[in-house]
Amino acid sequence: MHKRRLGRTDLLVSQICLGSMTWGQQNTEAEGHAQMDLAFSRGVNFIDTAELYPIPPKAETQGRTEKIIGSWIKAKGNRDKVVIASKVVGRTANSWFRGERPSKLVRGDIFDAIGKSLAKLGTDYIDLYQIHWPDRDIPWGSNPTRVGAPRRADAAEAPAGETPIAETLAVFEELAKAGKIRHFGLSNESSWGVMRYVTESDKGVGPRVASLQNAYNLVNRTFEVNLAEVCEREQIAFLPYSPLAQGYLTGKYDHGARPPGSRSQLFNRGQRYETPNAAEAQLEYSELARSFGMEPALFANAYVASRPFVTSNIVGATSVAQLDMALSSVEVTWTEDMQKAVDAIHQRVGNPCP
């Protein structure tokens with residue numbers, strides 16, 4: 001398990017990051033602890049979480065995931081060996097984060113979020129604190145393959161009520177100076193948004209963005225279109241999430257199957273990966289994986305782990321067996337023949353699940 005530098009920072013993170021969004025909903029505290037035990041025994045030092053988790057988000061479960069991580073760190077006494085990444089929600093009408101009112105990326109809300117996260121994690125600081133999604137009114141994931149007509153005549157004018165990026169960034173500067181966070185990151189952000197944050201920090205407003213966490217997998221390679229160059233040129237670490245496309249690249253949903261206990265069957269939240277032509281593309285990648293003698297889940301994770309622009313692949317699992325396979329993906333030798341075969345499919349099907 002290699003370690004890589006997180007952007008321009010002094011943090012070294014493992015090439016696999018342990019995702020945690022199922023802990024407290026699909027997984028118990030004990031199961032979450034078992035996953036962390038296994039991952040850290042295999043060289044992982046990086047855990048990703050969020051104030052929102054577990055998923056699906058609900059008022060009665062919100063915050064459980066951070067508490068599970070906090071209880072594990074307390075039991076192990078290993079805070080200095082764990083790189084913790086967490087997130088503050090972007091603009092949302094969900095009222096349970098801030099005491100029965102909507103939340104925005106403004107000072108009061110961000111300070112409220114960090115205070116609660118630190119308490120649940122049982123720590124004085126978070127190594128990487130990220131904005132979960134933008135304050136702006138843009139498509140989810142920020143990198144659609146198509147957009148509609150402009151929402152307003154003057155695109156230079158921010159819509160009423162939108163929190164300026166410079167204002168939000170200044171809050172993260174306060175958090176850093178107070179020692180509550182070490183570094184700042186973005187998630188579900190566009191190339192325009194990333195560059196606006198970079199521009200503001202280069203002008204002296206707030207900390208420089210260290211990382212970007214966006215979806216990336218075989219059926220969604222939109223990161224490569226513009227953001228790959230942004231991250232390379234600006235030395236921003238890329239932390240892809242959903243390498244298995246919420247399980248749709250494991251083969252378990254092929255031919256319309258919905259196994260009992262699967263996320264799709266339990267929660268019906270897979271619309272991002274149930275778009276026209278998605279099932280056909282997912283099946284084709286599953287068959288390709290098997291032609292190389294690999295389980296589709298191992299193949300899909302190995303693909304993401306092999307990309308030269310990936311700093312750390314965020315993997316998630318609901319069982320130790322699934323996690324073991326995900327961790328093994330770093331041991332796969334990704335060949336030129338594999339890449340050519342993947343690119344041949346991508347040339348035909350593109351990004352059906354942006």
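The values are calculated or read from the model by the stated rules, or taken from the named source; none is laboratory data. Predicted model only: the values in this text are computed from it and were never measured. When we count neighbours, we look across all protein chains shown, and the Cβ atoms used for this are built from the backbone with ideal geometry, even at glycine. The area values use the complete protein model at the heavy-atom level, side chains included, leaving out ligands, DNA and RNA. Shrake-Rupley method; radii C 1.70, N 1.55, O 1.52, S 1.80 Å.
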_Computing the accessible area with a 1.4 Å probe over protein heavy atoms, can you report the carbon and sulfur percentage for region 197-354?_
49
*State, to one decimal in nm, how far the label point of TRP96 lies from the label point of GLN347, with both points 7 Å from Cα in the Cβ direction.*
4.8
*May I ask for the distance between the Cα centers of region 75-112 and region 198-277, given as a whole number of Å?*
20
*Summing Lys, Arg as +1 and Asp, Glu as -1, what charge do residues with Cβ under 10 Å from the Cβ of ALA237 carry, ALA237 excluded?*
+3
*Where only protein heavy atoms count, and the probe is 1.4 Å, what is the accessible area per residue for region 102-236 in Å²?*
45
_Listed pairs LYS58/LYS116; LYS81/LYS252; LYS3/LYS87; LYS58/LYS81; LYS81/LYS203 exceeding 24 Å between Cα atoms_ = LYS81/LYS252; LYS58/LYS81; LYS81/LYS203
*What FRET efficiency, computed as 1/(1 + (r/R0)^6) with R0 = 25 Å and r the Cβ-Cβ distance, is obtained for ALA119 and ASN268, rounded to the nearest 0.05?*
0.15
*Note the listed values (1) 17, 23, 21, 16, 12, 6, 3, 2, 0; (2) 27, 56, 15, 2, 0; (3) 30, 61, 9, then indicate which one is P(r) over Cα pairs in 20 Å bins from 0, in percent calculated from this particular structure.*
(3)
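For region 1-75, give the percent of accessible area contributed by carbon and sulfur heavy atoms, probe 1.4 Å, rounded to a whole number.
Values: 1400 of 2820 Å².
Roughly 50 percent, rounded to a whole number.
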_Of GLY141, GLY179, GLY316, the one that fluctuates the most in a GNM where the chain has Cα springs shorter than 10 Å_ = GLY179
_Quick check: pseudo-label points 7 Å beyond the Cα along Cα→Cβ at GLU173 and LYS81, how many nm apart are they?_
3.8
*Which value in nm describes the separation of the simple spin-label points at VAL106 and GLU224, placed 7 Å from the Cα toward the beta carbon?*
4.2
_Using θ = phi - 60° and Karplus 6.51 cos²θ - 1.76 cosθ + 1.60, couplings along region 330-342 (whole Hz; Gly, Pro as x)_ = 6, 8, 6, 8, 7, 9, 4, 5, 4, 5, 4, 5, 4
*Answer rounded, prolate or oblate for region 1-60, using the Cα gyration tensor with square roots of eigenvalues a ≥ b ≥ c: rounded when a/c is under 1.5, else prolate when a/b is larger than b/c, else oblate.*
oblate
